[in-house]
1. Which one is most open to solvent (accessible area, probe 1.4 Å), of the residues in the range 151-166 that are of a type outside the set (A, V, I, L, M) and assigned to a helix (DSSP H, G or I)?
2. Could you say whether any residue in the range 93-105 is assigned to a loop (DSSP other than H, G, I, E, B), touching a Gly at 6+ places or on another chain (Cβ under 6 Å) and surrounded by fewer than 20 Cβ atoms within 10 Å (Cβ to Cβ)?
3. Output the residues belonging to the range 313-331 that are of a type in the set (Val, Ile, Thr) and closer than 11 Å to residue 365 by Cβ.
4. Just checking, how many residues over the range 175-192 are of a type outside the set (D, E, K, R), under 28 Å from the mean Cα position of the chain (by Cα) and not in a strand (DSSP E or B)?
5. Would you check if there is a residue in the range 173-189 being of a type in the set (Ser, Thr, Tyr), open to solvent by 50 Å² or more (accessible area, probe 1.4 Å), more than 28 Å from residue 95 (Cα to Cα) and in contact (Cβ under 8 Å) with a residue 60 or more places away in the chain?
6. So which residues in the range 107-131 are farther than 14 Å from residue 86 by Cα, within 29 Å of the chain's Cα centre (by Cα) and open to solvent by 20 Å² or more (accessible area, probe 1.4 Å), if there are any at all?
7. Look at the range 200-228 and say how many of its residues are in contact (Cβ under 8 Å) with a residue 12 or more places away in the chain and either open to solvent by 60 Å² or more (accessible area, probe 1.4 Å) or among the charged types (D, E, K, R) (or both).
8. I need a count of the residues in the range 380-395 that are surrounded by fewer than 24 Cβ atoms within 10 Å (Cβ to Cβ) and within 14 Å of residue 271 (Cβ to Cβ).
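The values are calculated or read from the model by the stated rules, or taken from the named source; none is laboratory data. Worth saying up front: this structure is predicted, and the values here are computed from it rather than measured. For neighbour counting, all protein chains shown are included, and Cβ atoms are generated from backbone atoms with ideal geometry for every residue, glycine included. These area figures cover heavy atoms from the full protein model, side chains too; ligands, DNA and RNA do not enter into them. Shrake-Rupley method; radii C 1.70, N 1.55, O 1.52, S 1.80 Å.
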Amino acid sequence: MNYRRSPIDHGYFGSDHDGDDFTVIGSVVTRSDALGHVTGRTEFFEDVRPDGLLHLKMHRSARHHARLAGVDSSAALAVPGVVAVLTGADIPNNLYTPLKLINVEPDDEPILAVDKVRYLGEPIVAVVAETEAAALAGAAAVRVDYEDLPPVLDVEEALAEGAPIVNEYHGNNYFTYEGHHCRRVRFGDVEKGFAEADHVFEWRYQSSPIEQAPVETTGCTVVPQPDGRLRIHSDTQACFFTLDNTALILDSDFNKLRIVGGTVGGGFGGKVDVVVEPVACVAAMTTGRPVKFVYGRHEEMQVSSPRAAERIYIRDGVTNDGRIVARQVTAYIDAGAYSRHTPYGTTKAAAHFPGPYTIPNVRIDCHCVFTNRTPSSAMRGFGVTIADFALESQMDRIARELDMDPLRLRLKNAYRDGDMKAHRKVAEGTALIEVMQKAAELVGHELPDEYRRMSSVEGR
């Protein structure tokens, strides 16, 4: 067979590499989806346009925290083109948490609010209509009476004595880890370490919620099949995760659902929450017709799960020569009103807070806190990214206080192979020292011989 490479196969979107030895380092390698993207042939969920398609839109909470005294959907049903109105009573299992699949519970978030709303924009009523305009008009016509409750919008205020309870399913404004009010790491004797230190430095760091801002907003299209199954075209980042959670919410056999996904117009972690598929499935089952539910840009910015805001206090005990002998971290991770993936991100943060350094005495308290804010969730290294910002800012500030080269401070404290990390995992394959030495060489940063001789595979 004769094969002739096209310009797309070779050059701008292709590879000069033959692939015979499977080596990719130093080569330009074709992305498997590149050709479809640049030719416009890639199919996204919104390219699926079945006959009889209905549109779903939400009436959302206008309060941060309130009881629902009354919900009147009669005006919505009177809007021309509106086919159905769904409330929490229509959802088979109207309470979930996506992490129950890995035994992180309790279920703490309604699909559609019933007795109470806990954040601005929480979904209350789903309106299904022949057109998107009719669905929006119907959602706007829903009338909700609120009994306002005091909102809790600050993580430390949420943990203060007497603070209003945000999420009654937990009973406290924090997630409980094995009976503890926070995720804890204990290693060595921190107080002893601080007593032995020549200096003690403590600073506070704060991040804000960060929206992933994908070009394609969150959404799905659900198409009922003749055999009773539902075909779900979704931009989820985790097809089987979405399938399993949706089946649990629908109280359905898993094989009654089929997820068609894999093409995501930007997600960055923000499309792992199962928030659109379950209610769209219920709408499709109720009407017997295909249903599309997709966020508008305003909704994406307001109610899709952002990276959690974090407040971090780092206290370090340091010797005159720059050795960190004690580190205490207290962190408050803002989960918003519901768990979503934040308990997992908080655990990652707790394990990561000592950083890539060997510190003999460590005490970490990471609080996963519930507030009346939009639920937070996954985004690109969540639980670690902001921790790194705080840790490396701390290292730079310590170096300035000691009038010490910040790179030498890091080399002095860097973990080596065989070192025990604070969460009791042995460091291996670290190469951190060699990477810093090479970086210094590339930028012309001078290092004394003792630092150039350091190695990740040798003891201290």
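1. Checking each candidate, the answer is 157.
2. no
3. Passing the criteria: 329, 330.
4. 5
5. Scanning the range 173-189, I find no residue that is of a type in the set (Ser, Thr, Tyr), open to solvent by 50 Å² or more (accessible area, probe 1.4 Å), more than 28 Å from residue 95 (Cα to Cα) and in contact (Cβ under 8 Å) with a residue 60 or more places away in the chain, so the answer is no.
6. Result: 107, 115, 120.
7. 10
8. 1
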